[in-house]
Amino acid sequence: MQIASLAVHVVAVPPPHIGGMYWIFVRLTTKCGIEGVGEIYATAFHPNALVPLIEDVFERHLLGHDPHDIERFWRSAYSSGFTQRPDPTIMGVVSGLEIACWDIIGKAAGRPVHKLLGGLVHEKLRAYTYLYPKNAAGEYDYNDPELAADFAAEMVDTKGFTAVKFDPAGPYTAYSGHQLSLGVMERCEEFCAKVRAAVGGRADLLFGTHGQMVPSSAIRLARRLEKYDPLWFEEPVPPGQEAAMASVAKATSIPIATGERLTTKYEFQRVLETGAASILQMNVARCGGLLEAKKIAGMAEAHYAQIAPHLYNGPIGAAASIQLAAATPNFLIHEAIIDFSVFYAEILKTPLQFDDGYLIPSCEPGLGVELNLEVVEKHSPYEGKRLHLQMDDKPADIKAFAPARG
């Protein structure tokens, strides 16, 4: 079996852009006519710049090769240009192409990918949702703890979620980490208090931060939040300095979660070795693909750590991540945005399955999903200028993000 061709689709996500501004899908086709789909989660460059890179990686490392030879492809691309070090852009490209190879492998074998990654462990996957509350004007409002609490209760009561996530700690800026103001810490505590009161013991609280703090500020905040018993405190300091995150982990009883911005087994190994986190949030479409994610999960298992796959991208990456989680003994919980994006269902011929707070792994061959190419073409290409996600280009303004007073 040989891979013969590549197609790349950059799909513009319609407002309110849940899952990012755009999704990058790839389709690989073999000489014998089997097609596999993958998704690339690479955010540092505009997709117009990424498409030539995707084509270059494909032509150098995958064209004409057997899709079963995952290790060969991975090592070849990882070593490209005499690098052999984690790089989020090349690993995002590798991830999407590797996922498409697995889709081909599963279809050729007539088996779902989870059967090829060790077999089905979880017939359903516990899921969590971010809170997407709307104000009286029908606009998303992420700064009101009362709205957040009401929405959390609604998600638990009507959708069956047993965990909800929120991030009231202020903006993500290019100048983080920084010291949070007392006002922002008060707001974070108020969010936890009101959401906990709304859901009681029916749901876990997932306190999401994204590297906003220096370690001392994260420790101060964690001490305020411990009384509400969150399941995790996410990425309290910026990625890249595992010892700094480990100092936070040692100072709090709240489990630390991290990993959405990390790639390859090598970066996750340092997290585990230093004790920086006990919950790993790899994104399968960025970290190096399905086999690499399985290796990361195996390392975590040996450290008695768990995985909670990150998902803020499209449904092909989601389908791959679900296959991984289904075959992983130390799976904890999976991010789910499928219930809040109609586009998630429209762009697939058969939507991903969600039932009463759980994601249901597909047992169809491969990833178990197919792109609806009519919808893909309708929303292609992406003509915006914004990246998939962006940070504030100014330092955090303490006064601007102080809590409102009633």
Q: Out of the residues in the range 1-27 that are surrounded by 15 or more Cβ atoms within 10 Å (Cβ to Cβ), among the small types (Gly, Ala, Ser) and over 17 Å from residue 377 (Cα atoms), state the one that is nearest to the chain's Cα centre (by Cα).
A: 19
Q: Filter the range 189-217 down to residues that are among the polar types (S, T, N, Q) and part of a helix (DSSP H, G or I) and give me whichever is surrounded by the most Cβ atoms within 10 Å (Cβ to Cβ).
A: 217
(Q) For the range 28-50: of the residues being part of a strand (DSSP E or B) and surrounded by fewer than 21 Cβ atoms within 10 Å (Cβ to Cβ), which is farthest from the chain's Cα centre (by Cα)? (A) 30
Q) Would you call residue 128 in a loop (DSSP other than H, G, I, E, B) and out of contact with any Gly (no Cβ under 6 Å at 6 or more places or on another chain)? A) no
**Q.** Inter-residue pairs, beta-carbon under 6 Å, first farther than 16 Å from residue 219 by Cβ and in the range 171-187, second of a type in the set (A, V, I, L, M, F, W, C) and at pLDDT below 95, 6+ apart
**A.** 171/396; 172/391; 173/391; 173/396; 174/391; 183/402
Q: Pick out the one residue from 19, 36 that is under 16 Å from residue 320 (Cβ atoms) and modelled with pLDDT of 95 or more.
A: 36
Q | the range 323-357: number of residues that are outside any loop (DSSP other than H, G, I, E, B) and under 24 Å from residue 16 (Cα atoms) | A | 14
(Q) Residues that are within 17 Å of residue 11 (Cβ to Cβ), surrounded by 13 or more Cβ atoms within 10 Å (Cβ to Cβ) and either of a type in the set (A, V, I, L, M, F, W, C) or modelled with pLDDT under 95 (or both): does the range 54-64 have at least one? (A) yes
Q.
Condition first: of a type in the set (Lys, Arg) and buried (at least 18 other Cβ atoms within 10 Å of the Cβ). Now tell me which residues in the range 101-158 satisfy that.
A. 107, 126
**Q.** Residue count, the range 176-188 (criterion: in a helix (DSSP H, G or I) and either under 19 Å from residue 154 (Cα atoms) or open to solvent by 40 Å² or more (accessible area, probe 1.4 Å) (or both))
**A.** 2
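The values are calculated or read from the model by the stated rules, or taken from the named source; none is laboratory data. A quick note: this is a predicted structure, and the numbers were derived from the prediction, not measured. Please note: Cβ atoms are built from the backbone with ideal geometry, for glycine as well, and neighbour counts cover all protein chains shown. When the accessible area is computed, the model is the full protein with side chains, heavy atoms only, and any ligands, DNA or RNA have been set aside. Shrake-Rupley method; radii C 1.70, N 1.55, O 1.52, S 1.80 Å.
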